[in-house]
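The values are calculated or read from the model by the stated rules, or taken from the named source; none is laboratory data. A quick note: this is a predicted structure, and the numbers were derived from the prediction, not measured. Methodologically, a virtual Cβ is constructed for each residue, glycine included, from the backbone with ideal geometry; neighbour enumeration extends over all protein chains shown.
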Amino acid sequence: MVRQVVFITGASSGIGRAACLAFARAGYDVAGMARRQEQLQALAEAVGQLPQPHGDFVACVGNAAVHEEVQQAVAAALARFGRLDIAIANAGIGHRGAVADAKWEDLHTLLRLNIDGVLHVIQAAVPAMRRGGRGHIMIVSSVAASLVSPYAAAYAASKAFVSSLAQSVRIELRTDNIFVSDFLVGRTETEFNKNRLGEGARKASRLPAMTAEQVAESMVAVARNPRDTVILRLFDRLIVWGNRWLPGVMGYLAARQYR
C-alpha cells in the first residue's frame with residue numbers, strides 16, 4: 001500500500017514538530033519545513049527512533065514567508081516521495097501590544113508569516129494535489145480569529161484572515177477534490193508563547209493550555225476523517241460562542257488578560 005505524504009510548515013518546534021512525529025508514527029511519509037536546520041535534523045533522528053513501522057521524513061530548510069522557498073520545499077517533497085496528499089500550513093508567530101504603538105517591523109513579520117505563509121502553502125501544494133486527483137489542506141488558525149482582542153489585535157486579525165480564506169478556498173477547490181480544514185487552535189504550551197513579538201514575553205497564564213501532542217493527534221484524526229472547521233475543546237467553543245453573543249464582554253476580558 002502506498003503511503004500518503006504530508007507537508008508541514010513550522011516543523012522545528014511546537015505543533016509542527018509534534019505533527020511531524022504524529023503523522024510519521026501513523027504511517028505517513030512527512031516533509032517538514034522550517035528555518036532551523038539543527039532542529040530539523042534532531043526531528044529527523046526522532047522520527048527514525050519511532051517504533052516500526054513508521055513513515056519516512058525529509059527535512060526542508062526554508063522560510064514559509066518566502067514564496068520561492070515554499071515552492072522549493074514542496075518540490076523536494078515530491079522529489080523524495082513522488083506525491084503530496086496533505087499540506088498543513090502551520091508556521092506562525094504571535095504579537096502582543098497596542099497596534100498604534102507596535103513596531104512596523106514586528107507587524108510586517110507577523111503578517112508575512114501568518115498570512116503570506118498560508119497563501120504560499122496553498123499555491124505550492126494545489127498543483128501537486130491536482131495532479132494526484134485529490135488532497136487535503138489544513139490551515140492552522142486560532143480561536144482568536146473570531147475574537148475582539150485588544151492588545152492581541154494584529155495576531156487575531158491575521159488569523160481571521162486565514163480562517164476566512166479557508167472557508168472560501170474550500171469552495172474554490174471542491175471540484176478538484178481538495179478538502180480544506182480550518183483549525184481553530186486554543187492556547188497550547190509551545191515555544192510560541194516565548195517567541196511572541198511586541199510585548200510578547202508575558203503569558204496568558206490563567207487560561208488552560210493543551211499540549212502540542214494533543215493538537216497533532218487531532219490533525220491525524222482529521223486527515224482520516226476530514227472536517228470543515230475544527231475546535232478541539234469545549235472551553236474554546238465557549239470562547240467562540242461568547243464572542244458571537246457578547247463581544248463587548250469578551251473584549252473587556254481580553255483587555256484585562258493581555259494588556
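Computed quantities for the displayed model
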| quantity | calculated |
| --- | --- |
| Any chance Arg96 is buried (at least 21 other Cβ atoms within 10 Å of the Cβ), more than 23 Å from Leu173 (Cβ to Cβ) and charged (D, E, K, R) | yes |
| Unique match (being surrounded by fewer than 20 Cβ atoms within 10 Å (Cβ to Cβ), polar (S, T, N, Q) and within 16 Å of Ser13 (Cβ to Cβ)) among Gln49, Gln39 | Gln39 |
| Residue list for the stretch 139-159, filter: under 13 Å from Leu184 (Cα atoms), out of contact with any strand residue (DSSP E or B) (no Cβ under 8 Å at 6 or more places or on another chain) and either surrounded by fewer than 24 Cβ atoms within 10 Å (Cβ to Cβ) or of a type in the set (A, V, I, L, M) (or both) | Ala144, Leu147 |
| Sole residue being within 16 Å of Ile137 (Cβ to Cβ), surrounded by 17 or more Cβ atoms within 10 Å (Cβ to Cβ) and out of contact with any His (no Cβ under 7 Å at 6 or more places or on another chain), chosen from Leu111, Leu21, Leu84 | Leu84 |
| Output for the stretch 164-194, where each listed residue is over 20 Å from Ala124 (Cβ atoms) and touching a strand residue (DSSP E or B) at 6+ places or on another chain (Cβ under 8 Å) | Gln167, Leu184, Val185, Gly186, Arg187, Thr188, Glu189 |
| Scan of the stretch 219-240 for residues that are surrounded by 14 or more Cβ atoms within 10 Å (Cβ to Cβ) and either acidic (Asp, Glu) or over 26 Å from Ala87 (Cα atoms) (or both), ordered by number | Phe235, Asp236, Ile239 |
| Pairs with Cβ under 6 Å, 6+ apart, first in the stretch 1-27 and within 17 Å of Ala221 (Cβ to Cβ), second acidic (Asp, Glu) | Gln4/Asp85; Ala18/Glu213; Ala22/Glu217 |
| Candidates Ser181, Ser163, Ser141, filtered to the one that is in contact with an Asp or Glu (Cβ under 6 Å, 6 or more places away or on another chain) and in a strand (DSSP E or B) | Ser141 |
| Selection count, the stretch 1-27, where residues are more than 12 Å from Ala87 (Cβ to Cβ) and among the hydroxyl-bearing types (Ser, Thr, Tyr) | 2 |
| Elements of type helices (runs of 4 or more DSSP H) in the stretch 40-132, at least 1 residues being within 25 Å of Asn177 (Cα to Cα) | 67-81, 117-132 |
| Odd one out for Arg206, checked against (1) assigned to a helix (DSSP H, G or I); (2) farther than 29 Å from Trp104 by Cα; (3) modelled with pLDDT under 95 | (1) |
| The stretch 1-18 - residue that is among the small types (Gly, Ala, Ser) and not in a helix (DSSP H, G or I) and, of those, surrounded by the most Cβ atoms within 10 Å (Cβ to Cβ) | Ala11 |
| Single residue of the stretch 139-153 satisfying the filter (among the hydrophobic types (A, V, I, L, M, F, W, C) and touching a helix residue (DSSP H, G or I) at 6+ places or on another chain (Cβ under 6 Å)) that is modelled with the highest pLDDT | Ile139 |
| Any pair with Cβ under 6 angstrom, 6 or more apart, that starts in the stretch 119-138 at a residue that is closer than 13 Å to Arg170 by Cα and ends at one that is in a helix (DSSP H, G or I) and at pLDDT 95 or above | Gly135/Met129 |
| Near pairs, Cβ below 9 angstrom, 6+ apart or cross-chain, from the stretch 100-111 (within 14 Å of Ala157 (Cα to Cα)) to any residue that is assigned to a helix (DSSP H, G or I) and among the aromatic types (Phe, Trp, Tyr) | Leu110/Tyr155; Leu111/Phe161 |
